[in-house]
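The values are calculated or read from the model by the stated rules, or taken from the named source; none is laboratory data. All values derive from a computational prediction rather than experimental measurement. Neighbour counts run over all protein chains shown; Cβ positions are idealised from the backbone, glycine included. When the accessible area is computed, the model is the full protein with side chains, heavy atoms only, and any ligands, DNA or RNA have been set aside. Shrake-Rupley method; radii C 1.70, N 1.55, O 1.52, S 1.80 Å.
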Amino acid sequence: MKWERYFPAGFGWKREVRFFLFGLISSAVYFLLHFSVLYGNDYYVLFKWYESPRRVLREGAMMEDFHLQLEGGEVLFAVLAAMMLLAAGYHLLYHYQGSKSIYLMRRLPDRGDLPRRCLAFPLFGLAVILLTMLGLTAACYIWYMVKTPAVCLRPGQLQKLMAALFGGAK
């Protein structure tokens with residue numbers, strides 16, 4: 001695959017790809033650490049650790065809702081997505097510099113060359129960010145449902161998550 005086709009001519013695309021990968025990995029690590037800390041704190045409170053060497057559930061202890069465990073963990077993904085949108089604008093502005101004439105790009109027989117060079121990688125990056133967030137959310141949900149004692153779960157966790165994502169649940 002020729003990556004040069006998806007970036008402006010003469011552009012340092014390897015640096016942008018490395019920056020994106022660093023941002024994606026950093027965002028994923030932060031997301032997982034954020035969830036782990038919030039989940040761990042709430043999980044610890046479910047048990048009476050001081051009364052017995054074994055874990056004994058507190059009476060009436062309930063785990064915090066899953067969507068609240070994720071709140072704030074997506075902030076670096078949002079910053080990376082904003083950077084991808086800014087990159088699309090920068091790719092277009094790059095064609096206006098010096099010998100990289102925008103007029104030459106407009107005269108090329110392939111009319112889709114300019115939009116492809118400006119938008120392909122930013123749109124690809126946004127798709128990867130979205131898929132990574134969905135995958136990590138699914139992994140955290142599975143962990144939440146498997147690890148948390150069933151008597152401590154409030155019903156309708158998946159519905160509450162969907163409402164939080166699409167309806168602004170509290």
Which condition number in (1) at pLDDT below 90; (2) open to solvent by 70 Å² or more (accessible area, probe 1.4 Å) is the one that Met83 fails?
-> (1)
Checking Trp49 against (1) at pLDDT below 95; (2) outside any loop (DSSP other than H, G, I, E, B), the condition it does not meet = (2)
With respect to Leu46, is the statement that it is in contact with a strand residue (DSSP E or B) (Cβ under 8 Å, 6 or more places away or on another chain), within 29 Å of Met133 (Cβ to Cβ), of a type outside the set (S, T, N, Q) and touching a residue at least 12 places away in the same chain (Cβ under 8 Å) true?
-> yes
From Phe35, Phe22, Phe11, Phe31, which residue is on the phi < 0 side of the Ramachandran plot, open to solvent by 70 Å² or more (accessible area, probe 1.4 Å) and outside any strand (DSSP E or B)?
-> Phe22
How many residues does the range 38-75 hold that are open to solvent by less than 90 Å² (accessible area, probe 1.4 Å) and of a type in the set (Asp, Glu)?
-> 4
Over the range 87-118, the set of residues modelled with pLDDT of 85 or more and open to solvent by 60 Å² or more (accessible area, probe 1.4 Å) is Tyr90
Here are some conditions: (1) surrounded by 13 or more Cβ atoms within 10 Å (Cβ to Cβ); (2) more than 28 Å from Ser26 (Cβ to Cβ); (3) at pLDDT 90 or above. Ala163 meets all but one. Which one does it not meet?
-> (3)
Tally the residues that are β-branched (Val, Ile, Thr), loosely packed, with under 15 Cβ neighbours inside 10 Å and either under 26 Å from Phe11 (Cα atoms) or more than 21 Å from the chain's Cα centre (by Cα) (or both), restricting the search to the range 119-160.
-> 2
Any idea which of (1) on the phi > 0 side of the Ramachandran plot; (2) part of a helix (DSSP H, G or I) is the one Asn41 doesn't satisfy?
-> (1)
